[in-house]
Amino acid sequence: SAAVAALSVTSLRAQTRPRRVPVPVSLLAIALNDLEFPGVLPGIPKSVNVLDLAHSALFEIRGQPHASVRIELVLPGALSASGGALLPLIFGAGDGFAAYSRGDTPPRVTFDPHAPLITTLSGSGQIFVRLGGTALPGRPQTGGIYRATIILTVYDLGT
């Protein structure tokens, strides 16, 4: 039987650190799209390219224009089903992507989602972060809906 996997961003945490000025600057992080692995079959790895607009995870970060930020992701090692079955995940060095628009427009950067990304927000005070990855179903793999949580943390580094 086929295993269906969906990675649901159910826990999103945005944190701020005060700048070196008396007034703290707030940041907002919004999960706009889940990372989904459609059509997973037992024993066949299923990858979602970071530029797959329909299936890659998408986050929007908003703050002060041109602010320097540090973005960190806590990535799950597996998806889990309600019966306790696990579906292992891996994230490669090119599975993170950041751009100033939702689409593939400059300036943009591909990054390793296991390492922090230090970047700046656009002139309008935003940046979009995409995440791809690979599901590694076993043979056999229990069918069902699999879920996990990605934690995104954003720090204001000042300008």
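Read the figures in this text as sums done on the coordinates, not as results from a lab. Not measured: the values here are computed from a predicted model. Reconstructed Cβ throughout: ideal geometry from the backbone, glycine too, with neighbour counts over all protein chains shown.
Does a label point 7 Å from the Cα of R139, set along Cα-to-beta-carbon, have any residues of the stretch 28-52 with amide nitrogen under 13 Å, and which are they?
Inside the label zone: 41-45.
For a protection proxy built on the mean count of beta-carbon atoms within 10 angstrom, sort 49-59, 108-118 highest first, please. Walk me through the numbers before you get to the answer.
Values: 49-59: 17.6, 108-118: 15.8.
Highest to lowest by the protection proxy: 49-59, 108-118.
Quote to one decimal, in nm, the extra length available between R70 and S47 on full extension: 0.36 nm per residue of separation minus the C-alpha distance between them.
On the way: separation 23, 0.36 × 23 = 8.28 nm, distance 2.65 nm.
So the extension gain works out to 5.6 nm.
List the trypsin sites (Lys or Arg not before Pro) in the stretch 40-100 that DSSP assigns to loop (not H, G, I, E or B) and whose Cβ has at most 16 other Cβ atoms within 10 Å. Which are they? Before the final figure, lay out each step's value.
Numbers: sites: K46, R62, R70; in loops: none.
In loop regions of the stretch 40-100 (DSSP not H, G, I, E or B), there are no sparsely surrounded trypsin sites (Lys or Arg not before Pro).
With point charges of +1 on the Cβ of Lys and Arg and -1 on the Cβ of Asp and Glu, referenced to the Cα centre of the stretch 85-159, which listed residue (Q141, Q126, L87) lies farthest in the positive direction of the dipole?
Q141
Give me the distance in nm between label points sitting 7 Å out from Cα along the Cα-to-Cβ direction at S124 and I90, one decimal.
So the two model labels end up 3.8 nm from each other.
Per 0.36 nm of contour for each residue apart, how much would the distance between L28 and A78 grow if the chain were fully extended, relative to their Cα-Cα spacing?
15.3 nm
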